[in-house]
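Every number here is computed from the coordinates shown, using simple stated rules; none is lab data. What you are looking at is a predicted structure, and each value in this text was computed from that prediction instead of being measured. Note that we place each Cβ from the backbone using ideal geometry, even for glycine, and neighbour counts take in every protein chain shown.
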Ligand SMILES: Cc1ncc(COP(=O)(O)O)c(C=O)c1O
């Protein structure tokens, strides 16, 4: 019998012009943060998501840190944030010296604006146009929403909440490049382009990758300019090394931008394939053998970056045992994140309405979803799951 091949969870797909563009960048000797490809990649992303400009940075995490600084979040401020997400969505709040308040999710796994409203009604008031905590006296200045696994958060309700409570909206769209609304108030709008600032990631497991990298967009021109300034060491006078703020070395490199340009050419094809393979799993697993495939929000075109298999309590095996058995068959899957409110020193922070998030985190398995996953390999995943 032939050896079974390893089926990874999510790996890059370099089947386009990657080698040619990266080679051109190497030959040109523009490999660092200078060079023409960085602005070219910025404009290509801006055009794709329908924004006037985008600012490239060296990771989604640095992009989120820039977003905090663009929004003027600082020491003593508080920020509403999801508890069910990757911790990089929240740590930048701390980098800025502020404190997160953790809010639970709805059935899309994204932050539930109804829970945020309940929290604010019970614990905050508007004073001189500022949302002030009755618990700590701090200014609750912003809300971070994550479009989890490419599923769009309920942006109509979030923008209404933000308007009522005078909150800045920071969209963590690191997982959602290409997801957009197809109905409602924001029809035609892409993830990341609705709030005050949006951030994308090009990490190796994302729908397109530059190895590591990120991009920031904003509905305030001066915020985008500030992001570029901060990401390039805040140079006020480049020739004479004059810096007017504490800046960062957060800029994307020309080599990475070369990779990004080639990847972006394929993004719509990747999304189409993600959708096809999502349907493949859904047809074979949803409602079968105590499994569900979690849906994406109605009225959206999602990039369907990650697929979530929900294992019902009636399944004979615990979720972790299912992951172990798949791994024994050389199939890589993963559980969803542990709640952030339980990690690092975040247990000291406030949290509200996080029961549903805790329920989901105990039951979800993320299935292999690479854009080069073959139907034969996906069928192997299905066959193992149905045999358990
Ligand atoms: C929700 C979320 N936020 C932030 C990040 C950070 O992005 P990066 O890995 O590019 O720093 C990621 C991905 O890694 C993520 O999934």
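Here is how the numbers come out for the structure above:
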item: Volume in Å³ per residue [convex hull over Cα atoms, computed for segment 278-342]; result: 140 Å³
item: Share, in percent, of DSSP beta bridges within the chain that are antiparallel, nearest 5; result: 60 percent
item: Centroid-to-centroid separation of segment 335-365 and segment 108-164 [C-alpha atoms, Å]; result: 18 Å
item: Simple label model, 7 Å out from Cα along Cβ direction - residue 160 to residue 375, nm; result: 4.3 nm
item: Expected-Rg normalisation [2.2 N^0.38 Å, Cα atoms] applied to segment 43-128; result: 1.26
item: Per residue, the convex hull volume that the Cα atoms of segment 204-246 enclose (Å³); result: 104 Å³
item: Debye equation applied to the C-alpha atoms of the chain, log10 I(q)/I(0) at 0.09, 0.12, 0.15 Å⁻¹; result: -0.54, -0.94, -1.37
item: Net lengthening on full extension, residue 238/residue 275 (0.36 nm per residue, minus Cα-Cα); result: 8.7 nm
item: Bridge type composition, segment 1-135 - antiparallel percent by DSSP, nearest 5; result: 50 percent
item: Radius, Kirkwood style, for segment 255-388 when every pair of distinct Cα atoms is counted (Å); result: 16.7 Å
item: Gain on full stretching of the segment that runs from residue 114 to residue 328 - 0.36 nm per residue minus C-alpha separation; result: 72.9 nm
item: Mean residue ellipticity (222 nm) of the chain, computed from DSSP H runs ≥ 4 via -39,500 (n - 2.57), nearest 500; result: -10500 deg cm²/dmol
item: Segment 168-296: translational diffusion in µm²/s, Stokes-Einstein, Kirkwood Rh over Cα pairs, 25 °C, 0.890 mPa s; result: 142 µm²/s
item: Kirkwood-based Rg to Rh ratio, segment 1-101, C-alpha trace; result: 1.11
